[in-house]
Amino acid sequence: TQMEMLRSLANLEQAPPGPANNNTEKTTRWAVNAYANWRNARLARGNGAESIPDDPAHAPTSELNYWLSQFIQECRQRDGREYKHQNLYAMVCGISRHIRKLRPGLNILDDEHMKQFKLTLYAVMKRLQTKQADLYSVKVSKITRKQWDYLWEQGFLGDSNATSLFYAVYCLFITITGVTSALQLRSLTPRNLDVTKDLVSNKLVTTYYPSPSTSKADRAAIRVTEDPENPRSFGRLLQLYISKLPPFFPDLWVRPNGTDSEWYCRQPIGQNILRTTVKALCQLANFSGNFSNQSLSRDLLNWDHHDIEHLMTQGGGCGQGLGLRLVVRWRDG
């Protein structure tokens, strides 16, 4: 939904800026230069560019709200074509990083005074994403049950090392929740997931909250109840995965480190890699086809019993309070 997209955008930029690498700095400079080129083009056309802030980091929030809304609608590549939605988003993140260097307390994707900008960004990105999908649509190959079992049996998915554990948690998360957008996946933090134990049934109960910042009573949720002894238990694998992450690290998806003492390094996985993670996994397994995050489906979980119950939280509204409760009884062996 629109609000989930905006929350995802805000969550991604919520963490304080850390040490930047060369690629991040290049992207930030590229974004700031794109803003300057847009302003200069307006000035050349005589479209009131003199009132556009020359540096967004020094502009009042009210002016930022208006002019950044204009910028994301009008900015173009050098040949006049529109940017891809991924590149436009990277540009917005670059401008956000530039602003936060001088104004750490201002997150343009989460500030209450930037509502017009956020709504415009959502609309433009959705339009560009639809346009791009129409131009480059390719039929996605679905992972079959036989291939799914093969990935587990051959150790591509599992808990034997950092890589197989990452792949297992990542694939199970997509399979259970249906979240395939790299943007949403990149925005996730450990706070989006909660694992508890049902004292009566002795089962693990794993709950996914798309919006961890709101109260539990008002959140949509997807809940999975399963046997913790099953080797493919999402809750068990998730608990192990989170326990291996660097202490207090804000991101959910982190690069494997490859050492026994430290499974994961303090480096989050970016959108581009998350977008191609399932494809990379299938290439490792020598599967033929066009695989992506959309290749995973809940059908892979339908082993012995799979009940889906729709729940309504107190949030109500048109789908915003809708959750799913999945009770999964795994087949032995």
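The values are calculated or read from the model by the stated rules, or taken from the named source; none is laboratory data. For clarity, every value in this text was computed on a predicted model and none was experimentally measured. Please note: Cβ atoms are built from the backbone with ideal geometry, for glycine as well, and neighbour counts cover all protein chains shown. Just so you know, the surface numbers come from the protein's heavy atoms only, side chains and all, with ligands and any DNA or RNA stripped out. Shrake-Rupley method; radii C 1.70, N 1.55, O 1.52, S 1.80 Å.
Share of carbon and sulfur in the accessible area of segment 184-285 stands at 52%, probe radius 1.4 Å.
A cut-off of 5 Å between modelled amide H atoms, ignoring neighbours fewer than 5 places along the same chain, links residue 267 with 255. Taking a ≥ b ≥ c as the square roots of the eigenvalues of the alpha-carbon gyration tensor, segment 118-174 is classed oblate because a/c is 1.5 or more while a/b is no larger than b/c. In the context of the full protein assembly, residue 198 retains an accessible surface of approximately 60 Å², using a probe radius of 1.4 Å and ignoring ligands and nucleic acids. Estimated from the Cβ-Cβ distance and a Förster radius of 35 angstrom, the FRET efficiency linking residue 286 and residue 119 is about 0.20. Here the spin labels are modelled as points 7 Å beyond Cα on the Cα-Cβ line, and at residue 87 and residue 73 they lie 2.2 nm apart.
Modelled spin labels at residue 276 and residue 63, positioned 7 Å past Cα toward Cβ, are 4.1 nm from each other.
Heavy atoms of the protein chains alone define the surface here; on that basis segment 106-202 has 50 Å² accessible area per residue at 1.4 Å probe size. Taking all protein chains as shown and a probe of 1.4 angstrom, residue 173 keeps an accessible surface of around 0 Å².
Multiplying the residue separation of residue 229 and residue 145 by 0.36 nm and subtracting their alpha-carbon distance yields 28.1 nm.
Would you mind telling me the share, in percent, of accessible area of segment 51-165 contributed by carbon and sulfur at probe 1.4 angstrom?
Answer for segment 51-165 is 49 percent, counting heavy atoms of protein chains only.
As a calculated quantity, the FRET efficiency between residue 45 and residue 131 at R0 = 30 Å, using C-beta atoms, amounts to about 0.75.
Taking every alpha-carbon pair under 8 Å whose residues sit at least 6 apart, segment 45-199 reaches a relative contact order of 18 percent.
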